[in-house]
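Step one of this worksheet: look at the structure below.
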Amino acid sequence: MFKTELNQTSAGAKLLVYFAYLASNLLNFTGPIGQWIEVGIQVVVVAIAVAVVMWQIKTVQLFKESLVAGRSWWSLIISFILVFVLVYMFGVFSVGGNIEAVLKESLTKVVSVAVTACCAGFFEEFLVRGLVLDAFVQLWQNRRIQLLSAAVSSSVIFGLLHLSNLTFQSVDATMQQVFYALILGLTLSFIRLLTNGLWVGILLHSLIDFQSTIATGGSAATNWGSLLLVFLPLFVISLLWLWFADRLLLKKKGEAPFS
């Protein structure tokens, strides 16, 4: 029977990741020295949580063997990731411009943004695309669209987690973040499923979050029409990739894929 590597993950590990993430974001010190203390504590929190979680789980792989086999399929997946990086990360999210802007700030600011972005990248990917996605993969194991159902479920949770941003930004801006976080969650889910790892998602997520506002406050709302125009194509493509992942999984299980 085709089994996942993370089936034995305890509820304690899931709670550890979640509360460590919360702890790393609730720190608030004032003044230059206080900022360095905050950064230092964040680093310690991250290091301890990473060490404990990896000690217990020992792998970030979801499957014992990769769903994807063959150089042509890997070339197609890598090509899509590269297009996603160029179009969405550097085009929509202006990762290059954000990095350039942050590097012009003070050393304390640069370190604070880097630590906060890495915290978000690791914890949110490990929590949502790792532990939560794995839980839904197990929950929907009798469905023929097992991976698609799990990805949609975990991505809805990922989007709703951004409602916490209502504490420091407008309702409209927050709802827009919920919307595109859900779609990005689907994209990161199929990247996680087809690469059988978390590190690509962690890197992409951290780079998206590497911006000045992540350490200081919220963002402004944009036009909903433009947002739909930009993200709906990614939504459709992500669903198609997840459907394809389910076909591969059925083949691995020895069942007939969709006709």
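The values are calculated or read from the model by the stated rules, or taken from the named source; none is laboratory data. Here the structure is a predicted model, which means the values were calculated and not measured. Counting neighbours? That spans all protein chains shown, and the Cβs are built from the backbone with ideal geometry, glycine included.
Summary table
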item: Any hit, the stretch 87-107, residues being in contact with a Lys or Arg (Cβ under 7 Å, 6 or more places away or on another chain) and of a type in the set (Ser, Thr, Tyr); result: no
item: Which listed residue is among the hydrophobic types (A, V, I, L, M, F, W, C), within 20 Å of LEU250 (Cα to Cα) and part of a helix (DSSP H, G or I), from LEU193, LEU182, LEU127; result: LEU193
item: Residue match in the stretch 92-100 (condition: farther than 25 Å from LEU234 by Cα and modelled with pLDDT of 80 or more); result: yes
item: Residue within the stretch 155-171 that is in contact (Cβ under 8 Å) with a residue 24 or more places away in the chain, among the small types (Gly, Ala, Ser), outside any helix (DSSP H, G or I) and out of contact with any Asp or Glu (no Cβ under 7 Å at 6 or more places or on another chain) present; result: yes
item: Yes/no for ALA117 being closer than 24 Å to ASP246 by Cβ and surrounded by 15 or more Cβ atoms within 10 Å (Cβ to Cβ); result: no
